[in-house]
Every structure is written in C-alpha cells, then in structure tokens.
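Below is one structure, written out as structure tokens; the observations come after it.
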Amino acid sequence: MSIIYIAIGAGVVSLIFALIQTLKILRQDEGNESVRSIGKAIQQGAVAFLSREYRFLAFFVLAVVIILAVFIDYDILDRVGTERSIPSTAIAYLVGAIGSALAGYIGMSIAVRANTRTVVKAQQGLNPALRIAFSSGGVMGACVVGIGIIGVTLMYLIFRDFSIVAGFGFGASSIALFARVGGGIYTKAADVGADLVGKIEAGIPEDDPRNPATIADNVGDNVGDVAGMGADLFESYVGSIIAAIALAAVGAGFLLTDNSVASSLISEFKSVSELEGKSDVSSSFDASLFVLPILIAAIGIGASILGTFLVRTGEGASMGRLLWALRTGIFGAGTLVLIGTGIAIYLMNLPFDLFWVIVVGLVAGQIIGTSSEVYTSYEYRFTVNLAKQAETGPATVIIGGIGLGMLSTLIPGLTVVIAMWLASDLAGTYGVALAAVGMLSTLGITLATDAYGPVADNAGGIAEQAHMGSEVRERTDALDSLGNTTAATGKGFAIGSAVLTALALMAAYAEITDIKIETFNLLETKVVMGLLIGSITPFMFSALTMQAVGRAANSMVTEVRRQFREIPGLMEGEAEADHARAVDISTTGSMREMVLPGLLAIITPVLVGIILGAEALGGLLIGAIGTGFLLAIMMANAGGAWDNAKKYIEAGNLGGKGSDQHSAAVVGDTVGDPFKDTSGPSLNILIKLMSMVALVFAPLFL
C-alpha cells in the first residue's frame, strides 16, 4: 500500500517541479513590442484550435462513455459473475481522456509562452536559449508523467481491477490519436503552404512575415508537435504501466518461459490471488507484481527531474556537442533509474532478473533513439548523402529519402526482436511489458528533449518576422535542427515501447478471452483473415492521414497564391497578409479530416471481434503490430532525414539557400512533413489503441 502512495507522491512532486519551471520561464523577458505581438498571435491561434478540437472531441468522448456504460459496465457480467453497480469502465475512460487532453493543453500553453523568451535569450547566446527552450519541454515532460502516474495509480487504487484501469488507457489512447492526427494535419498543411509557395515560388525566406501561412505554420508547431505529442506520449506512458498490471492480474505473463524466475513469479501470483485468470484481484492489488511497474515509473520521475539539470552547452557548440548535451541528461537519468530499481527489487524480495529486464528496456530504447539520430542528423553520412542527391533534382531526393527510411527500420526492428527475446527469457511476457515500462521510465527527460524543438522552431520564426539579427536566427536554427533529430529519437522511444506494450496487451487479451495456443495458429483461416486485416489497417490509416494533409495543403497553397496575387504591396512589404484566413483554413481542414482515421482505429477491432471472433481479433492485433511498427519507423526517419537534408543545405552547403539544390531539398522536406509529423507518429498510437479496444471490449467476444 505504501508504494501506491509513493507513486502518487512522485506524481505530485513532478507537477510541483513543472510549476516551478513554468514560473521561472514566465519571469524571463518577453522581448520588444514586435516580438510580443507575434507571440500573442501564435498563442491565440493555438488556443483557438485546441478549443475547437476539444469541443468536437467532447461529443465523441460522451458517446463512448455511454457505449461503455451500456455494453460493458451494465449488460455484460464481469469475469467473476457479478454486475458492476456503477459504470466503472466508463468513468475510467473519461478520466483517461481528460488526462490526455490536459497533458497536451499544458504542454502547448507553456510552449507558446516560451518561444518569445527563447528568441530573447538567443540574443545573449546559444546556452541561454537552449536552457529556456529545454525547460519548456521539461514542463511538458513533467506534466505528462505526473498526470499519468497519478491517474493510473488512482484508478488502480479505487477500482482494484485491471480491466477498469484499461479503460483509462483506452481514453488516453483515443484522445491521443485524434490530437496527433488533427494537430498533424493542421501543422503540415500550413508548413507545405509556407514552403512551396513562399520558399520555392516567391523566393522569400522561411517564416517571412509577408507569407500568409507563416503564423499558421508557427501555430501548427504548437498544436501538432507539442499538444499532439504530449497526448501521444501520455498514452504511451500509461499504456506500458497498464499492460504490466494486466499481465500480473491474469497470470498470462509467465506462460512463455519455465525458468526459475518464472516459477518464483508464478508462486508470487498464486499466493496473492485465488482468482487466477480472473479480473477481480482486489484482494491482491498491492502485491509486488502489481505495484512494481508503478514503482519503476515513480523512480523514473525522480531520475528525470535530476537529469534535466545536467543539460547545458557552451557558445558556438556544434551539432554533435548539442546532441551530447542532451544525451548527458538522458544517460544520467537512466543510470539513476537502474540504481533505484535495483534497490527496489532487492527490498521487495523479487527475482533480481527483473532488474535486467529494466536494463533491457532502457538499453533498447537508447539504441532505437540513437539509430534515429544516426539516420536523421546531418552530423552523419546518411543525411549528408541524401542532401547531395538534391544536386540532381527533387525526384532523387524523394527516392533517396524513401530508401533511407526503409533502411532505417533494420536496427530498431532487430533491437525490438532482441529485447523481446531477452525480456521473455528472463520473465515471460510480464518481462516484455516491464521492459516497455523501463524504456519509458525516463520519459520526463526524453520528452523534454523532444518538445523543446518546436519552441526553438517558433523562436526562429519570430526572429525572422521581427527582423532580429542574423546571429539570433543562426542560434535558433542550430537548436531547431537538433530538435528535428531529437524528435526522431522521441518517436523511436514511443514506437519501440508501443510494440512491447501492444504485445503484452495482446497476451492479456488472449488470456481473458480464453484463446488457446492450439487454436491460435496460422493454419486457422480466421486467424489469417484477422492478421491480413490488421496488416492492412496501418496502411489504410496512413493513406487517410496523408491524403488529408494533401487536401488541406492544397487549400492552403491556393490561398497563399491568391493573397500574393490579389493583395497590392504584399510582396514589397507595404501591406499585411491575411494570416487569420490561413489559420482558419488549417483549422477547418484538420477538424474535418481527423474523424475517419480516428474512427477506423476504434471500429475495426470491434467489428472483427464481433463478426469473426476472438481468434481473428488476435490475428488482427499481431498483423497491426508488425506492419504498424515498421511503417512508423520508416516514415518518421525518412521525414526527419528530408528535413535535416534541407537544413544542411541552408547552413551554406551545396549551394546554400536559394539554389536549385535548396529548392529540390525543400520539395523533399514537404513530402516528409506528413511522414514524420502526421502519419508516422500516429501509428504507434494506432497499434496500442486497437489493443486497448480489444482488451476493454473483450467481454463482447467471449
């Protein structure tokens, strides 16, 4: 019981840390009137978008709450033969949805206030700008893990039933998917319009105030890359914890190995619950197997907070030096997690092999993240070679980027395979779930290294629009370029953990639906049918989101061209662009286009389960995990490489800005925008959301 309260305390400490960091940021200088005015416009646009998005999602959440209350909480007998007196799953779903939305909103709120302060600090030097931008990312990281661990722990403490806690994860995942897709469509529609018409056709600098899409582009950085990402990683974080709890509850986590560790875990499980394989484990909810993932997450919060103080760099630092400044904080936090986890496992008298499971998770996450850096940073040959292909035009840049993205799946794919093998050998499927918890245990700081990028990007845009010195833009560009690389790293952590989490949820689903190993095989027609449907789903989802960006971007390009053509004096800087119209186009387009992809992820597993049965749904989950994982890695890394190839040229290489090579790289970057910021990062949510849906709606398939 004391560990439960330790976890809640860690969450509270995390939120207090976020508040202190917020107050420090808000005390910094906002800049002159021009800087403040631009920052205010970005802030108003971001708040207006999220307000419209959340109002729309409120109706969706209400509909799902009613469905859960009617079909799960009241009409379906739970697995110990009694009806629930209150709509527990519906309540947990609602809390999870609110938590996910809140995490995204808080991250966006601090980001739109930190961007002006970052550009002011960039006048002083690189390190002051990095500290402000990174601190703003740290606020979101601390809020995500703080709200996440408090939410999961309270649901676990109140209801003492993993299937209800899974409802919390379902709520977090569903909101995260809509937030990621909606924000991604918004930001990439604006980005494509700003790049294609502004840079290539009009020949004006990026973020030039004459470009009507500039403000919409800056707003998009916050609603897509910050708010969407916050909701995304919130659901990744809570999903990994819920998966481990679910496996401990049903006892399925120990069935794939017969070593001494597994025997010890089975004894632990049997000794604390007479309801093996059932969902009602209220008599044992504070047993060590249940609370260990929560405790590891709590240790990770403290480690992440301490790690943030290790991140700093000197003036004029290279890209490699900046990367190592961030790695110092991440590695330091990881070391502290291992020390704390080792002590906790020893004191809880659990098999020490569980410590090695956490090591596997942390190392695997770092390998995936580092491989993303290697493939996307222009400090390495892959992205430099991609930039050189711009010498022969945009077609070769696009071909090269797609090939690079495909190649980049090798290391993450093999890493996840080896991690699954080692974790399963050490502690069965429970070990696989625990490895995902370990991988995300330092999310507080890894998310900070990801979320600071959009703040630096916004700071660069404000510097351009406010006509600040070239040295200011050079510093913000250096931070922005690093942000593209660390964003790919953050996506790698999220995607890698998604595979481990989804597999664990799949195992829990198989146990509670009583799928037998001898009936779940590739010689069973329905299993193959489900596997193929699951394999198709990530491609259909990506097609819908990519085409949505294309349609919204088409409207944006048309509008930007119209304003350049019809507003006298706009190109000469004698008239102001109608930024509000461009913002409205992105907002309207994203609201309309995010509906179908979101519904696809929720409706598909339910229909397959009802029509084809539990075994077919199991096949669907396996198919979605396999194709979704590789497609997500490919798209995220290809997009990041295209973006940094463009920035490599903009840094003065291969002809620099305004050259034919630069124009070719810009085209590649616009193709990569929806790859890395819309479709790619949404896929890790997709595979976990479908697993959560299967787990929550499992009673319908019995």
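The values are calculated or read from the model by the stated rules, or taken from the named source; none is laboratory data. What you are looking at is a predicted structure, and each value in this text was computed from that prediction instead of being measured. All Cβ positions, glycine included, derive from the backbone under ideal geometry; neighbour counts span all protein chains shown. Quick note on the areas: whole protein, heavy atoms, side chains included, nothing else; ligands and nucleic acids left out. Shrake-Rupley method; radii C 1.70, N 1.55, O 1.52, S 1.80 Å.
Computed values, structure above
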| read-out | value |
| --- | --- |
| Assigned charges on the beta-carbon of Lys, Arg, Asp, Glu; the range 612-695 dipole about Cα centre (debye) | 120 |
| Per residue accessible area in Å² of the chain, where ligands, DNA and RNA are left out and the probe is 1.4 Å | 33 |
| In sequence order, calculated HN-Hα J values of the range 549-562 (Karplus, 6.51, -1.76, 1.60; Hz; x Gly/Pro) | 4, x, 5, 5, 5, 4, 5, 5, 4, 4, 5, 5, 4, 4 |
| Fully extended contour minus Cα-Cα distance, from residue 370 to residue 588, at 0.36 nm per residue | 74.8 nm |
| Gain upon complete extension [residue 603, residue 40; 0.36 nm per residue less C-alpha separation] | 198.7 nm |
| Accessible surface of the range 504-628, 1.4 Å probe, proportion on carbon and sulfur as whole % | 64 |
| Angle between the chain longest axis and helix 126-159 axis [Cα atoms, degrees, rounded to 10] | 30 |
| Using alpha-carbon coordinates, inclination of helix 260-272 to the longest axis of the chain, degrees | 70 |
| Dipole magnitude (debye, nearest 20) for the range 11-150, charges at Cβ of Lys, Arg, Asp, Glu | 660 |
| Cβ-derived FRET efficiency at R0 35 Å, residue 536 paired with residue 399, nearest 0.05 | 0.90 |
| Cα centre as origin, Lys/Arg/Asp/Glu Cβ charges: the chain dipole, Debye | 520 |
| Label-point separation in nm, residue 2 to residue 474, each point 7 Å along Cα→Cβ | 5.7 |
| Derived scalar couplings ³J(HN,Hα) [the range 219-225; Karplus, 6.51 cos²θ - 1.76 cosθ + 1.60; whole Hz; x for Gly, Pro] | 4, x, 4, 7, 7, x, 7 |
| Label assignment, mean projected area of the Cα convex hull in nm² derived from the structure, set (i) 47.0; (ii) 26.7; (iii) 36.9 | (ii) |
| Helix 288-308 axis, angle to the chain major axis (alpha carbon atoms, nearest 10°) | 20 |
| Helical mean residue ellipticity (222 nm; -39500 (n - 2.57) per DSSP H run of 4+; nearest 500) of the chain | -27500 deg cm²/dmol |
| Additional length obtainable on full extension of the chain from residue 71 to residue 86, 0.36 nm per residue less Cα span | 4.1 nm |
| For the range 348-440, diffusion coefficient by Stokes-Einstein and Kirkwood Rh (Cα), 25 °C, 0.890 mPa s, µm²/s | 165 |
| Violating pairs (Cα-Cα greater than 29 angstrom) within the set 188/657; 526/688; 121/647; 199/676; 24/647 | 24/647 |
| Reciprocal of mean inverse Cα separation for the range 560-641 (Kirkwood radius, Å) | 17.1 |
| Compactness relative to 2.2 N^0.38 Å, alpha carbon Rg of the range 435-562 | 1.60 |
| Dipole axis of the range 413-546 (+1 Lys, Arg; -1 Asp, Glu on Cβ), positive-most option in 479, 498, 453 | 498 |
| Cα point-scatterer Debye curve for the range 104-217, base-10 log of I(q)/I(0) at q = 0.14, 0.17, 0.21 Å⁻¹ | -0.81, -1.00, -1.16 |
| Computed over the chain: relative contact order in percent, which uses C-alpha pairs under 8 Å that are six or more apart | 22 |
| Rounded to whole Hz, the Karplus (6.51, -1.76, 1.60) HN-Hα couplings of the range 651-656, x for glycine and proline | 6, x, 9, 6, x, x |
